[in-house]
Amino acid sequence: MSPDTTTPKRVHGGRAARPIRTLLVDDHALLREGMRSLLEREDVVEVVGEAGSHDAALAEVNACRPDVVVVDLKLSAGTEYEGLRLIKDISHRHPEVASLVLTTFLDDDLVVRAVRAGARGYVVKDVDTTELVRAIQAVSTGGSAFDPRSAAVVLRTVSGESETTETLSDREREVLRLLADGMSNKRIGETLYISESTVKFHIRNIIRKLGVSKRTDAVYIASKRGLI
């Protein structure tokens, strides 16, 4: 029997391998359709599913077992970045699945929070198809993929690290963990049954002790040092 040549193959480690199973997560159906159309022209990528919300995406991950999930950070009209929560849940429940952020939003806080949540890459939506495919390939094999702008954010954060000079208290670690979950000061206070002003006091101490200037940097540095 002649070999089957109907399914595109990619090469990994000198051997033919199946295409990268990819799930697209964006709350705009037209954007998902456009992205699917572009990616399905590439032999190395197979789009196995789509989702427009956090819960639908988790259900698709369970059903489709993708290698890579391409995630927009904004999955609703609200103020929260549900994509960050999705990335964290995927990282915890399916550590074998790589998350790649594809979004219109680019600032230091979001890049650091995405990395902290477990994203292996961060690119903005004006990236061309070739670069997006390269990013998908990189994260699918355990690497990372950051476009020049988001890479610069990561480098600035890393270069700004300093050694911890004081030990964080148990309460400060609790506050840090909730910060890492993306909670606001008000929600942290409600969770820990303390006032919002007390939360702010703890955050100021955390920032001072870790030698950083922003709360998101504190989460990133604390995570790298195994403090949370």
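The values are calculated or read from the model by the stated rules, or taken from the named source; none is laboratory data. Note that this is a predicted model, so its numbers are computed, not measured. Heads up, the Cβs are rebuilt from the backbone with ideal geometry, glycines too, and the neighbour counts pull from every protein chain shown. SASA here: full protein model, heavy atoms, side chains in, ligands and nucleic acids out. Shrake-Rupley method; radii C 1.70, N 1.55, O 1.52, S 1.80 Å.
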(request) Write down the percent of antiparallel bridges among all DSSP beta bridges whose residues are both part of the chain, to the nearest 5. (result) 15 percent
(request) Positive end of the charge dipole of the chain (Lys, Arg +1 and Asp, Glu -1 on Cβ, about the Cα centre): tell me which of V199, L58, Y81 has its Cα farthest that way. (result) V199
(request) Name the long-range amide H neighbours of S99: under 5 Å, sequence gap of 5 or more, or other chain; modelled H, no Pro or chain starts. (result) V69, R120
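Run the accessible area of the chain with a 1.4 Å probe and give the carbon-and-sulfur part as a rounded percent.
Working: 5830 of 11710 Å².
Percent of accessible area from carbon and sulfur atoms in the chain: 50.
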(message) Just to confirm the number: angle between the C-alpha axis of helix 54-64 and the first principal axis of the chain, 0 to 90 degrees, nearest 10?
(response) 40 degrees
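Probe radius 1.4 Å, ligands and nucleic acids left out: which of R85, R204, R215, R41 has the largest accessible area, and how do the rest follow?
Details: R85 115, R204 145, R215 80, R41 170 Å².
Ranking R85, R204, R215, R41 by accessible area, largest first, yields R41, R204, R85, R215.
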(request) For the chain, find the longest principal axis of its Cα atoms and tell me its angle to the long axis of helix 170-180, 0 to 90°, nearest 10. (result) 40 degrees
(message) I need the peptides 114-127, 93-106 ranked by packing, meaning the mean over residues of other C-beta atoms within 10 angstrom, with the highest value on top.
(response) 114-127, 93-106
(message) I need the P(r) histogram for the chain: all alpha carbon pairs, bin width 10 Å from 0 out to the longest distance, whole percents.
(response) 8, 31, 32, 19, 8, 2, 1, 0
(request) Measure nothing but the geometry: give the 0 to 90° angle between the long axis through the Cα atoms of 196-210 and the longest principal axis through the Cα atoms of the chain, rounded to 10°. (result) 80 degrees
(request) Determine the relative contact order of the chain: mean sequence separation of Cα pairs under 8 Å and six or more apart, normalised by residue count, in whole percent. (result) 14 percent
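Roughly how many Å² is the accessible area per residue of the chain, as a whole number, for a 1.4 Å probe? Mind showing how you got there, number by number?
On the way: 11710 Å² over 228 residues.
Here the per-residue accessible area is 51 Å².
Using a simple charge model, +1 on the beta-carbon of Lys and Arg, -1 on the beta-carbon of Asp and Glu, nothing else, what dipole does the chain show about its Cα centre, in debye to the nearest 20? Don't skip to the end; give the middle numbers.
Values: 33 positive and 34 negative charges, 140 e Å.
For this selection, approximately 680 debye.
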(request) Using +1 at the Cβ of each Lys and Arg and -1 at the Cβ of each Asp and Glu in the chain, identify which of L210, L179, G118 lies farthest towards the dipole's positive end. (result) L210
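Going highest first, how would you order 46-55, 61-70, 189-198, 143-152 by mean Cβ packing within 10 Å?
61-70, 46-55, 143-152, 189-198
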(request) Excluding residues on the same chain fewer than 8 positions from K186, give the aspartates and glutamates whose Cα lies under 19 Å from its Cα. (result) E80, E82, D109, E172, E174, E196
